[in-house]
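Shown next, in C-alpha cells, is the structure this report addresses.
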Amino acid sequence: MLPFCDRVVSVPRKDVAPVWTRSFPIAKEPTTLGQHLKKKRFLVGIRQSEAAVKLGVSKRTLSTWETGRVYPAWVFQPRLVTYLGYNPFNDPKLGRPKGNETSCVAFLSPDAPISFGQRIKQCRLKLQKTRKELASELGISVKTLWGWETDRRQPTTQGQKQIAKFLECAD
C-alpha cells in the first residue's frame, strides 16, 4: 500500500516463477519420465496435488513417478501423453529404471533393436494386453510368456505356431 493513498496496485508477473518452484532444481533436458513430469508441472506452475488431480492419480503416486522410484503402468500412458502434450515413450534414451516390464521403454520406436521376445512384447503392448491376458489367450503360463519376452527361453515348435498366429493378428 502506498503511504499517500488508499489504493492497492497489483500486477501479475508472468516472467517470474512462483516462489515455491524456485528452490527446486529441474532438468533443462529431461532424461527420465519423472523429470519430464516435474518439468511440465513447474512450467505450468502447479503443485503436485493439482497435477495429480489432472492425471487422476494420488499425490503419492505422482511423487514416486517424479522421483523415478516407480514407473507408471501402460494404462496411464495415454493420460501422461495428454498431460505432457507430447509422447515421451517414443524416446529411446528414457530407459525404465524400476518397472514391471523389461528395460526398453521405447517399444514403439522404430530405432530400437528388436529381438523375437521384444517383438512379442511390442505386439502385446500395442494391443494393450497384460502378460496374464495374453498368456491365457495362448494357453500358456505367465512365466513362460515372460521367458519368451525377455529372450531367456525360446518357444517350442507348438509355441512358435501360437506366437506366429498372435503376431499376424497384431500386425
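The values are calculated or read from the model by the stated rules, or taken from the named source; none is laboratory data. From a predicted model like this one, the values you see are computed outputs, not experimental measurements. Positions of Cβ are backbone-derived with ideal geometry, glycine not excepted, and every protein chain shown enters the neighbour counts.
Points to keep in mind about this one:
- Reported count of residues in region 92-106, each being farther than 15 Å from Q122 by Cα and modelled with pLDDT of 55 or more, is 2.
- Yes/no for K121 being surrounded by 13 or more Cβ atoms within 10 Å (Cβ to Cβ), modelled with pLDDT of 80 or more and part of a loop (DSSP other than H, G, I, E, B): no
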